[in-house]
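Peer 1: Sharing a structure below in structure tokens format, with a few things to ask.
The values are calculated or read from the model by the stated rules, or taken from the named source; none is laboratory data. None of these values were measured; they are calculated from a predicted model. All Cβ positions, even for glycine, are placed from backbone atoms using ideal geometry, and neighbour counts span all protein chains on display. These accessible areas exclude ligands, DNA and RNA; they are computed on the full protein's heavy atoms, side chains included. Shrake-Rupley method; radii C 1.70, N 1.55, O 1.52, S 1.80 Å.
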Amino acid sequence: MRRRTLLTAGLTAAIGAAVMARTRCLRAETDTVRLLRPVDLSALPLMVMEHERLIERTAEAMGLGRVAVSWQAPEKTAPIEALSAGQADFAAVELVPFLVAATADPAGGAAAVRGLGALTRRPFVLVTRNPAIGTIRDFGPGDRIAVPALKLSGPAVMLDMAAAQEWGIENHQKLARITIAMPDESAAASLIAGKGELTAHFSRTPYVDRELADPAISRVMDSFDIAGTHSGAVLATTTRFRDGSPELCKAVLSALQQAAEFIGTSPGAAAEIFAGMASGNDIPPEDLADMIGDPDLVYAAAPAGIMRIADFMHRTGRLRRLPADWRELFLPESRDLAGS
């Protein structure tokens, strides 16, 4: 109980520090905000925001009054489509589909998708159970690499980047010939079982942790090796929502930064929050705390590696245009972040 009191007191102090410079009383432009977030470690800052009511508390401290926050899990409608259709105000979006959506409307029309902040920096890790494979040069025509989606997923893009670095940009699809689309949960189970055609999987925590616990499975490389440190997911919204509620966007960004700081200083408490909110989670809190505390897993609102990945996607035809700077793809409220 005392630990919980201290954590709550720390968050309250953080909220106060974030808004202490504001003395003018404001009213929220809307009294309701709807957010889509998966139950996934990539969305842990959003889960902390929900659990600790950080948006509500920050908005009230800013003088915006009471704001009702609705949290929803993604269903059949993809997050970007839900934003564009006005079914959600904010959504957690994987980096690659975010880049496609954010560059599609450079003029920033009402339905244009823009980022508010990043959620996490964590690598995708390529693993294999084929003992003959030590580097990507060792993959043969009989191997199969599972990725969550072909062409427009983080692992698919990273495999193409790795191939371009190894064999030249003209051969960037060399590994795409042996990739197959499979949900991470199914791919991890298949690779661990060692049955079927699958010999490799390009995924992330917690799937890669389960896979590497099997001595027959080994690490080949990760996406930080390929593209440097990069964000994996973004909290996105639309120009329409931001233009109608700029002060509330500031409150949400502040809450996101507070959640990232909370996770960094209290990984054990963050693990407890995840374990309590993730129905069906079978990972012990102490193992979750180890995963969250991994040096390669960083929760930060400042986007990282955006331009390196966007440049490659543009060169290979996945993006219509290349933004001059990452700030073009984010809201004005986000442009003071130390991004790249």
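Peer 1: Based on a Kirkwood Rh over C-alpha pairs, give the Stokes-Einstein translational diffusion coefficient of segment 147-280 at 37 °C and viscosity 0.692 mPa s in µm²/s. Kindly include the intermediate steps, with their values, before the conclusion.
Peer 2: Values: Rh = 17.9 Å.
The calculation lands on 183 µm²/s.
Peer 1: Binned at 5 Å from 0, what are the whole-percent values of the Cα-Cα distance distribution for segment 128-199, short to long?
Peer 2: Taking every Cα pair in segment 128-199, the percentages come to 3, 17, 26, 26, 19, 7, 2, 0.
Peer 1: Sorted from largest down, what three extents in whole angstroms do the Cα atoms of segment 195-271 have along their principal axes?
Peer 2: Principal axes ranked by extent give 53, 31, 25 Å for the Cα atoms.
Peer 1: So what does the Cα-only Debye profile of the chain read at q = 0.09, 0.15 Å⁻¹, as log10 I(q)/I(0), no solvent term?
Peer 2: -0.49, -1.28
Peer 1: Once fully extended, how much extra length lies between T229 and D294, figured as 0.36 nm per residue of separation less the alpha-carbon to alpha-carbon distance? Please list the in-between numbers first.
Peer 2: Details: separation 65, 0.36 × 65 = 23.40 nm, distance 1.40 nm.
Between T229 and D294, full extension yields an extra 22.0 nm.
Peer 1: Once you treat every alpha carbon in segment 200-340 as an equal point and sum by Debye, what is log10 I(q)/I(0) at q = 0.16, 0.17, 0.21, 0.22 Å⁻¹?
Peer 2: Listed by q, the Debye log ratios stand at -1.08, -1.16, -1.33, -1.36.
Peer 1: Using a probe radius of 1.4 Å on heavy atoms only, what accessible surface per residue do you get for the chain? Whole Å² is fine.
Peer 2: Values: 14640 Å² over 340 residues.
Result: 43 Å² of accessible area for each residue.
Peer 1: Separate question: Given the protein chains as shown and a 1.4 Å probe, how many square angstrom of R327 are accessible, to the nearest 10?
Peer 2: Only protein atoms counted, so the area is about 90 Å².
Peer 1: Residues with beta-carbon under 12 Å from that of G317, excluding G317: net charge, scoring Lys, Arg +1 and Asp, Glu -1?
Peer 2: On the way: positive: K151, R315, R318, R320, R321; negative: D160.
In short, +4.
Peer 1: Please report the relative contact order for the chain, taking Cα pairs under 8 Å with a sequence separation of at least 6, and give it as a percent rounded to a whole number.
Peer 2: On the way: 609 pairs, mean separation 85.1, N = 340.
Relative contact order, the chain: 25 percent.
Peer 1: Out of the DSSP beta bridges found with both residues in the chain, what percent are antiparallel (nearest 5)? Intermediate values should be presented prior to the final figure.
Peer 2: On the way: 20 of 33 bridges.
Taking every DSSP beta bridge with both residues in the chain, the antiparallel ones total about 60 percent.
Peer 1: Sticking with this one: Rounded to the nearest 500, what is the 222 nm mean residue ellipticity of the chain from helices alone, with -39500 (n - 2.57) per DSSP H run of 4+ residues and division by all residues? Intermediate values should be presented prior to the final figure.
Peer 2: Working: 14 runs with 140 residues, N = 340.
Helix contribution divided over all residues of the chain: -12000 deg cm²/dmol.
Peer 1: Follow-up. Please report, as a whole percent, how much of the solvent-accessible surface of the chain comes from carbon and sulfur atoms (probe radius 1.4 Å).
Peer 2: Values: 7580 of 14640 Å².
Within the chain, the accessible surface is 52 percent carbon and sulfur.
Peer 1: Would you mind getting me the FRET efficiency between K151 and S70? Use the beta-carbon distance for r and R0 = 41 Å, nearest 0.05.
Peer 2: On the way: r = 33 Å, r/R0 = 0.79.
The formula returns an efficiency of 0.80 here.
Peer 1: What does the charge count around G339 come to, taking other residues whose C-beta lies under 10 Å from its C-beta (Lys +1, Arg +1, Asp -1, Glu -1)?
Peer 2: 0
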